[in-house]
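Working notes for the structure below.
Only the coordinates and a few stated rules stand behind these numbers; no lab work does. Computed from a prediction, not measured in an experiment: that's the story for all the values here. Methodologically, a virtual Cβ is constructed for each residue, glycine included, from the backbone with ideal geometry; neighbour enumeration extends over all protein chains shown.
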C-alpha cells in the first residue's frame, strides 16, 4: 500500500507526505520520488482507530471520516488524514491488518 496522506504534527499543523506500508513497516517519505524514507515505523502491535466524530478539534475543517490514528502505549499517537473516503478505507484496512500478528 502506498500513497499520499497528511499527518498531524506536534505543532497541530498538517503535513502531506508519501507513505508506503510494506511488511508491517510504515515508511514515510518527503516526496513520492524519494528513494530513502525520512522515517520508518514498525506498526505491529499498534492500535488503529478511526477518529469519526470524537476529538473533532483535531480535524480543522477536515471530513471526520477521513481521519484515523495509530497509537501504542509509551509512544506518541500519530494522526493521519486521507484525501477521500475510498483512500481512507484502504489505508485503514491495510494498517489494521499490519498491526495484528496472525
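Would you work out the relative contact order for region 2-99, in percent, from Cα pairs under 8 angstrom that are 6 or more residues apart? Don't jump to the answer; show the numbers that get you there.
Values: 172 pairs, mean separation 25.0, N = 98.
Value for region 2-99: 26 percent.
Arrange 25, 43 by Cβ neighbour counts within 10 Å, fewest through most, would you? Walk me through the numbers before you get to the answer.
Values: 25 14, 43 21.
In order of increasing Cβ crowding within 10 Å: 25, 43.
For the chain, what does -39500 (n - 2.57) per DSSP helix run (n ≥ 4), summed and divided by total residues, give at 222 nm, in deg cm²/dmol to the nearest 500? Could the numbers behind the result be given before it?
Working: 1 runs with 15 residues, N = 102.
Calculated from helices alone, the mean residue ellipticity at 222 nm is -5000 deg cm²/dmol.
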Computed D for the chain, Stokes-Einstein, Kirkwood radius over alpha-carbon pairs, 4 °C, 1.567 mPa s, to the nearest µm² per second, is 94 µm²/s
For the pair residue 39/residue 85, report the inter-label distance in nm, with labels modelled 7 Å from Cα in the Cβ direction.
2.9 nm
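Between residue 9 and residue 94, take the C-beta separation as r, use R0 = 30 Å, and let me know the FRET efficiency to the nearest 0.05. Write down the numbers at each step before the final one.
Values: r = 22 Å, r/R0 = 0.75.
Step by step, r from the Cβ atoms, then E = 0.85.
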When a footprinting reagent is the concern and you count Cβ atoms within 10 Å, what order do 28, 100 take, fewest first?
100, 28
